[in-house]
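A.B. asks: Can you read through this structure? Questions will come right after.
The values are calculated or read from the model by the stated rules, or taken from the named source; none is laboratory data. None of the values given here were measured: they were computed from a predicted structure. Please note: Cβ atoms are built from the backbone with ideal geometry, for glycine as well, and neighbour counts cover all protein chains shown. Accessible surface is based on the protein model in full, side chains and every heavy atom, while ligands, DNA and RNA are left aside. Shrake-Rupley method; radii C 1.70, N 1.55, O 1.52, S 1.80 Å.
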Amino acid sequence: GFINFADADGTRQGIVLYQHGNGFDQMAFRTNNNVNALNITKTQHVLVGTTSKRQNFYNGSSEHAPLLQVEGANNNQARGLCAIYNIANSPGAYLVLAKTRSNSLGGQTIVNQGDELGMISFQGSDGTNFIPAAYIEGSVDGTPGTDDYLLAYFDNDGSSISVATNGGDI
């Protein structure tokens, strides 16, 4: 089924569409005469700019197929993700990568030594799969406690790195 939107002259169509069968069990939102803007698959993957989820990250390991995927071609639209926070004081926008050992949504179970908390991975295609080239990773080193943290940053000219810690080795 679908809902179709159009201007009075029949141009600039928008479509909300549910596709079923042929591997397309997904809700699709299309703009500008059938351009795929957003798709939500039956496996809860949210795809922006594409209808097919990629599973070829980490050399083809499908367990690492991200739930949110943004893709574009030759138009700079998918070159980045952005969070802008407009406020007249000091807080900025956040990117939060979080981990709990709970097996249920909304759960809150303490992490263990050696747990990976989050990673930013830089990958390049080998023609078939995306292969990791570099990464930034946060992991648990010891039993976590209240207010344990590690803060690392580069100064604005990139010449040095500063590291601060509270309650753990670096």
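A.B. asks: Please go through region 12-37 and pick out each residue that is open to solvent by 70 Å² or more (accessible area, probe 1.4 Å), modelled with pLDDT under 85 and more than 13 Å from residue 50 (Cα to Cα).
C.D. replies: 12, 20, 22, 23, 32, 33
A.B. asks: Please determine, by comparing only the residues of region 64-103 that are closer than 30 Å to residue 129 by Cβ and touching a Phe, Trp or Tyr at 6+ places or on another chain (Cβ under 9 Å), which one is modelled with the lowest pLDDT.
C.D. replies: Top of the filtered list is 64.
A.B. asks: Shifting gears a bit: Can you name every residue in region 38-55 that is at pLDDT 85 or above, over 14 Å from the mean Cα position of the chain (by Cα) and surrounded by 14 or more Cβ atoms within 10 Å (Cβ to Cβ)?
C.D. replies: Answer for region 38-55, where residues must be at pLDDT 85 or above, over 14 Å from the mean Cα position of the chain (by Cα) and surrounded by 14 or more Cβ atoms within 10 Å (Cβ to Cβ): 38, 39, 40, 41.
A.B. asks: For residue 124, work out the one condition from (1) touching a residue at least 24 places away in the same chain (Cβ under 8 Å); (2) closer than 19 Å to residue 66 by Cα it doesn't fulfil.
C.D. replies: Of everything listed in (1) touching a residue at least 24 places away in the same chain (Cβ under 8 Å); (2) closer than 19 Å to residue 66 by Cα, residue 124 misses just condition (1).
A.B. asks: What is the one condition in (1) surrounded by 10 or more Cβ atoms within 10 Å (Cβ to Cβ); (2) modelled with pLDDT under 85 that residue 131 does not satisfy?
C.D. replies: Single failed check for residue 131: (2).
A.B. asks: Quick check: is even one residue across region 134-157 within 23 Å of the chain's Cα centre (by Cα), at pLDDT 80 or above and loosely packed, with under 10 Cβ neighbours inside 10 Å?
C.D. replies: Taking every residue of region 134-157 in turn, at least one turns out to be within 23 Å of the chain's Cα centre (by Cα), at pLDDT 80 or above and loosely packed, with under 10 Cβ neighbours inside 10 Å.
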